[in-house]
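The values are calculated or read from the model by the stated rules, or taken from the named source; none is laboratory data. Note that the structure is a prediction, hence the values are computed from the model and not measured. Cβ placement follows ideal geometry from the backbone for every residue including glycine, while neighbour counts extend to all protein chains displayed.
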């Protein structure tokens, strides 16, 4: 998936991403500070029928929401975690394997805990009002010890 969008299109992009990625139990959002990870997750939760307030779990680390379409959603923010051991102590490993949808901000903090069937999402700032979202799969360590990423080539149509 690859899409360039503004705030007015965010729910359409979130719906398209859900359609293409709903089979993945864990979604890892790779993006710089201030790029709109939580804003995008908020739009995705609206698309999925979450009625509770969606907010950043920066200090709580984990927020749970009940969704009409996806069941239990675990929204995690690993920014404050120091390493994988601290993530395990916080209970994230159990949630990653719970079967519930896990939406992870700052997955780099404990990347080794992410299951192989994780959907990796890159969110880029193009300008103050415009973002680019794309999905990718990290290459296997055996294939590339440098850890390079392979981009998905599919582009979505926001007007469909």
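Among the residues of region 39-62, those identified as within 14 Å of the chain's Cα centre (by Cα) and not in a loop (DSSP other than H, G, I, E, B) are 39, 40, 41, 42, 43, 44, 45, 62. Residue count for region 13-38 under the criterion of being assigned to a helix (DSSP H, G or I), buried (at least 18 other Cβ atoms within 10 Å of the Cβ) and in contact with a helix residue (DSSP H, G or I) (Cβ under 9 Å, 6 or more places away or on another chain): the result is 3.
A single member of 99, 34 is under 18 Å from residue 119 (Cα atoms) and at pLDDT below 95, and it is 99. How many residues are within 13 Å of residue 132 (Cβ to Cβ) and out of contact with any strand residue (DSSP E or B) (no Cβ under 9 Å at 6 or more places or on another chain) if we restrict to region 1-54? Within region 1-54, residues that are within 13 Å of residue 132 (Cβ to Cβ) and out of contact with any strand residue (DSSP E or B) (no Cβ under 9 Å at 6 or more places or on another chain) number 0.
Taken over region 47-63, the criterion of being surrounded by fewer than 16 Cβ atoms within 10 Å (Cβ to Cβ) and at pLDDT 95 or above is satisfied by 49 alone.
Here residue 81 does not qualify as surrounded by 14 or more Cβ atoms within 10 Å (Cβ to Cβ) and modelled with pLDDT of 95 or more.
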